[in-house]
Amino acid sequence: MDTIIFATHNAHKLEEVGKILSPLNIKVLGGDDCNLPEVEETGETFEENALIKAIAGVKALGKPVLAEDAGLSIEGLGGAPGVYSARFASAHGGYPETFKYINEQLSSGKSRDAFYTSIMVLAYSEDEYYVFKGYMHGKIALEPSGTNGFGYDPIFIPNGFNTTLGHIEEIVKNKISHRAQSIKQVYEFLKNKKGE
Ligand code: IMP
């Protein structure tokens, strides 16, 4: 059985990726299973950050490493918080305070269009790596609502829905999400690679 290391400490993400890749007889280990080094996300794009994590992992462990960087971009905020999504929420004192800040900023009629990005990088060496991109488009709600999901989900209404991700079942989110799109591409890539 082939093994891939997924550079995450998030058990939920690890399970999701492990399930998707299991039909290919690929075992997915997480960062906590194999002493993956912590690296600073110094990139200015999702792709740079995912690449930094994947390359650091493959250099330290000598095995294929999958890494992801994700975040929310809001049109009326000039694309912020983007790659700084986690840091933006901490800087504002947590998600409830951040939602308040975002809605204050958008209250003057700025665009509420927004999208999540998930960029996955699968690295076999420093020179051989592949990039996969997933997006979920939607709008910022007038106020936060619902407790499902995490992060910015209570203020994000995906296109085609009339409620926030805070009210949408996990099984549905996992079909439409940015991460679902990028992981599916990793799956197809690995399936083709196995068939070569
Ligand atoms: P990470 O790269 O998955 O750690 O995501 C960075 C940050 O982006 C998270 O801490 C959240 O603030 C935000 N984010 C990424 N994906 C999601 C999502 O699916 N729902 C809500 N927030 C997300």
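The values are calculated or read from the model by the stated rules, or taken from the named source; none is laboratory data. Since we're looking at a predicted model, the values are computed, not measured. We place every Cβ from the backbone using ideal geometry, glycine too, and count neighbours over all the protein chains shown.
Within segment 137-165, residues that are of a type in the set (Lys, Arg) sit with their Cβ atoms under 7 Å from residues that are surrounded by fewer than 18 Cβ atoms within 10 Å (Cβ to Cβ), at 6+ positions apart or across chains, in these pairs: Lys139/Asp113.
Per the conditions (1) more than 26 Å from Glu48 (Cα to Cα); (2) crowded, with 20+ Cβ neighbours inside 10 Å; (3) in contact with a strand residue (DSSP E or B) (Cβ under 7 Å, 6 or more places away or on another chain); (4) not β-branched (Val, Ile, Thr), the sole criterion not satisfied by Arg112 is (2). Within segment 132-173, restricting attention to residues that are buried (at least 16 other Cβ atoms within 10 Å of the Cβ) and within 13 Å of the chain's Cα centre (by Cα), the residue that is nearest to the ligand (Cβ to nearest atom) is Gly151.
Residues in segment 33-51 that are among the polar types (S, T, N, Q), away from the ligand (no atom under 13 Å from the Cβ) and within 21 Å of Ile4 (Cβ to Cβ): Asn35 alone.
Taking the conditions exactly as written (within 13 Å of the ligand (Cβ to nearest atom) and either without any contact (Cβ under 8 Å) to a residue 12 or more places away in the chain or under 14 Å from the mean Cα position of the chain (by Cα) (or both)), does Ser85 satisfy them or not? Here the answer is yes, as Ser85 does meet what is asked. Within segment 101-116, residues that are modelled with pLDDT of 95 or more have Cβ atoms under 7 Å from residues that are buried (at least 16 other Cβ atoms within 10 Å of the Cβ) and of a type in the set (Lys, Arg) in these pairs: Leu106/Arg112; Arg112/Lys139; Asp113/Lys139; Ala114/Lys139, counting only partners at least 6 apart in sequence or on another chain.
For segment 148-171, the candidate set comprises residues that are part of a helix (DSSP H, G or I), aliphatic (A, V, I, L, M) and modelled with pLDDT of 95 or more; within that set, the residue that is farthest from Gly18 (Cα to Cα) is Ile155. Examine segment 121-131 for a residue that is surrounded by 21 or more Cβ atoms within 10 Å (Cβ to Cβ) and within 15 Å of the chain's Cα centre (by Cα), and state whether such a residue exists. Yes, segment 121-131 contains at least one residue that is surrounded by 21 or more Cβ atoms within 10 Å (Cβ to Cβ) and within 15 Å of the chain's Cα centre (by Cα).
This table checks each residue for (1) touching a residue at least 40 places away in the same chain (Cβ under 8 Å); (2) closer than 30 Å to Ala114 by Cα; (3) surrounded by fewer than 21 Cβ atoms within 10 Å (Cβ to Cβ).
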{"site": "Ser22", "(1), (2), (3)": "no, no, yes"}
{"site": "Gly43", "(1), (2), (3)": "yes, yes, yes"}
{"site": "Glu48", "(1), (2), (3)": "no, yes, yes"}
{"site": "Lys53", "(1), (2), (3)": "yes, yes, no"}
{"site": "Gly57", "(1), (2), (3)": "yes, no, no"}
{"site": "Leu66", "(1), (2), (3)": "yes, yes, no"}
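The single condition among (1) at pLDDT below 95; (2) in a loop (DSSP other than H, G, I, E, B); (3) of a type in the set (S, T, N, Q) that Asn174 does not satisfy is (2).
Residue-level check: of (1) free of Cβ contacts under 8 Å to residues at least 40 places away in the same chain; (2) surrounded by fewer than 16 Cβ atoms within 10 Å (Cβ to Cβ); (3) touching a helix residue (DSSP H, G or I) at 6+ places or on another chain (Cβ under 7 Å), Gly62 misses just (3).
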